[in-house]
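All remarks here apply to the structure that follows.
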Amino acid sequence: MATKIRVPSRVVEVLEKTIERTAVELMAIGLYRDGKITLRQAADLVSVDAKEMLEVFEKHDTYLNYGIEELEEDISYAKSGERF
């Protein structure tokens with residue numbers, strides 16, 4: 001016997017966006033852990049800034065891998081005058 005529950009369309013929309021967001025976060029984290037992308041690139045994929053991406057990492061027990069490539073990228077970014 002199946003039970004049916006009516007869920008308001010707004011709730012369904014929120015759940016779908018949450019699932020999609022989590023999937024993108026996990027993809028970015030996986031690529032970052034594998035060394036395929038940098039922190040800033042992961043942040044771009046998730047559409048957040050680097051600081052928020054660090055919070056996403058923390059939420060998923062992922063630690064910062066800060067190597068030469070990230071240092072060079074951060075130096076270039078700092079020289080560009082853009083804000084975080």
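The values are calculated or read from the model by the stated rules, or taken from the named source; none is laboratory data. Being a predicted model, the structure only gives us computed values, none of them experimental. No Cβ is skipped: glycine too gets one built from the backbone with ideal geometry, and neighbour counts run over all protein chains shown.
Look at T62 and say whether it is surrounded by 13 or more Cβ atoms within 10 Å (Cβ to Cβ), touching an Asp or Glu at 6+ places or on another chain (Cβ under 9 Å) and of a type in the set (V, I, T). Full working, then the answer.
Details: surrounded by 13 or more Cβ atoms within 10 Å (Cβ to Cβ): yes; touching an Asp or Glu at 6+ places or on another chain (Cβ under 9 Å): no; of a type in the set (V, I, T): yes.
Taking the combined requirement at face value, the residue does not satisfy it.
For I19, indicate whether it is at pLDDT 90 or above, hydrophobic (A, V, I, L, M, F, W, C) and assigned to a loop (DSSP other than H, G, I, E, B).
Numbers: at pLDDT 90 or above: yes; hydrophobic (A, V, I, L, M, F, W, C): yes; assigned to a loop (DSSP other than H, G, I, E, B): no.
Here the answer is no, as I19 does not meet what is asked.
Which condition breaks for L71 when tested against (1) surrounded by 13 or more Cβ atoms within 10 Å (Cβ to Cβ); (2) among the hydrophobic types (A, V, I, L, M, F, W, C); (3) at pLDDT below 85?
(1)
Could you tell me whether region 38-49 includes any residue that is over 9 Å from the mean Cα position of the chain (by Cα), among the small types (G, A, S) and at negative phi?
no
Could you give every pair whose Cβ atoms fall below 6 Å, whose first residue belongs to region 63-84 and is more than 23 Å from L26 (Cα to Cα), and whose second residue is part of a loop (DSSP other than H, G, I, E, B), counting only separations of at least 6 or pairs across chains?
none
Looking at A2 and the list (1) outside any helix (DSSP H, G or I); (2) at pLDDT 90 or above, which single condition is not satisfied?
So the condition that A2 fails would be (2).
Can you give me the number of residues within region 12-58 that are loosely packed, with under 11 Cβ neighbours inside 10 Å and in contact (Cβ under 8 Å) with a residue 24 or more places away in the chain?
2
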